[in-house]
Amino acid sequence: MKDKARIKTMTFSELENYMTETGEKKFRAKQVFEWLHKGVRTFEEMSNLPKALREKLAEEADPEALVTETVQVSQKDGTRKYLFRLSDGQFVESVLMKYSYGNTVCISTQAGCRMGCAFCASCEGGLIRNLTAGEILDQVLAVSRDIGQKVDHVVVMGVGEPFDNYENLARFLKNVHDERGFGMSFRSITVSTCGILPKIRQFAEDFPQVTLAISLHASNEQIREKLMPVDRTYPYDKLLETAREYVKKTNKRITFEYILIDGVNDSTQQAEELARQLRGLLCHINLIPFNEVLGRGFSSAKPERVRRFQEVLQQKGYEATVRRELGSDIDGACGQLRAKKNEQGAGSWKQEA
Ligand code: SAH
């Protein structure tokens with residue numbers, strides 16, 4: 001059987017080409033694009049297309065609509081955690097968070113991950129596959145449709161390493177930004193990376209308006225190397241050098257994410273060391289209370305250590321905030337929903353004992 005055309009992965013002009021190449025009028029692309037970005041799940045619902053075209057598309061094209069497996073809703077703060085099923089049975093997760101400044105959706109870019117960070121649940125089972133641009137986009141569309149509201153911000157901080165799937169990430173960014181569709185401003189999007197340097201440089205070229213977040217998690221090479229295998233390929237000093245180049249090129253502040261793990265990276269000395277490392281770098285430091293993952297031997301830093309760490313950075317003139325824990329009454333963040341589902345045997349891999 002011929003593979004169906006992945007219609008939500010196409011850019012607007014690719015969709016125009018697709019229409020003309022399959023014998024349709026070019027303007028049909030605009031209609032289909034609009035429908036897809038409104039969150040419509042089937043061609044049948046595209047009521048301004050002729051019936052014959054709807055039927056043809058249903059035969060030949062894939063609307064790349066994810067199936068909602070579960071939604072967990074926090075009674076405390078309205079956070080919604082989604083587990084979506086892809087057409088090949090894989091699972092991805094997305095989270096809707098309600099902040100005073102609007103709705104934020106956290107999305108995934110890969111089923112699994114091959115970065116192997118010691119503290120993260122997403123890499124259990126390794127990388128299964130990259131998501132298509134359509135599957136990345138559809139997380140935003142499906143959530144927006146579910147809540148019946150606009151999504152104001154997108155953070156690419158779910159399962160997977162976005163810069164390990166750069167081409168699909170780039171297509172997604174172009175498509176979600178396209179005014180003929182969802183029309184989200186680049187400034188409302190944040191992409192988080194574990195530090196793949198060539199892609200940070202490319203990102204500065206391609207998307208200078210999108211906010212970049214870097215998972216740093218350590219005040220020096222020795223600690224980072226133990227937590228994040230990527231550090232062996234792209235070492236700490238080079239990462240900070242690249243971050244400085246990024247700021248110079250884009251004039252944009254970088255967000256550094258820093259998980260605080262008890263006894264590993266949460267001391268006052270380490271806060272001081274971090275302040276020295278980042279000197280002169282236009283940045284925001286986002287301190288993240290560690291979300292415990294079973295069997296990794298790490299626990300969350302004590303609240304007083306978190307406060308102290310933040311104070312040290314603030315005293316040195318840094319803007320440092322502690323990430324608010326949303327949805328604490330509903331289980332699993334950071335890849336844990338998907339891991340749990342796969343453990344139950346619904347996916348194609350099982351967590352090792
Ligand atoms: N691969 C990308 C984006 C996904 S992870 C990256 O590394 O940045 C998004 C953020 O959540 C990263 O900063 C990641 O390090 C962090 N994270 C992963 N596991 C976590 C856990 N158990 N508790 C708290 N934060 C975690």
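Every number in this text was worked out from the coordinates using simple rules, so none of it is lab data. Just so it is clear, the structure is predicted and the values come from calculations on it, not from any experiment. Methodologically, a virtual Cβ is constructed for each residue, glycine included, from the backbone with ideal geometry; neighbour enumeration extends over all protein chains shown.
Only one of Asp138, Asp62 is in contact (Cβ under 8 Å) with a residue 40 or more places away in the chain, acidic (Asp, Glu), touching a Lys or Arg at 6+ places or on another chain (Cβ under 8 Å) and surrounded by fewer than 22 Cβ atoms within 10 Å (Cβ to Cβ); which?
The match here is Asp62.
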So which of Leu96, Leu66, Leu83, Leu57 is out of contact with any Gly (no Cβ under 7 Å at 6 or more places or on another chain) and farther than 19 Å from Ile136 by Cα? Leu57
Within region 76-97, how many residues are touching a residue at least 60 places away in the same chain (Cβ under 8 Å) and not in a loop (DSSP other than H, G, I, E, B)? 10
Yes or no: Ser122 part of a helix (DSSP H, G or I), within 16 Å of the ligand (Cβ to nearest atom) and over 23 Å from Glu14 (Cα atoms)? yes
Any residue at all in region 44-58 that's within 18 Å of Ala133 (Cα to Cα) and touching a helix residue (DSSP H, G or I) at 6+ places or on another chain (Cβ under 9 Å)? no
Residues of region 42-53 being in contact with a Lys or Arg (Cβ under 8 Å, 6 or more places away or on another chain) and closer than 19 Å to Thr11 by Cα, in sequence order, are Phe43, Met46
Here are some residues: Thr268, Thr250, Thr255. Which one is among the polar types (S, T, N, Q), surrounded by 15 or more Cβ atoms within 10 Å (Cβ to Cβ) and away from the ligand (no atom under 15 Å from the Cβ)? Thr250
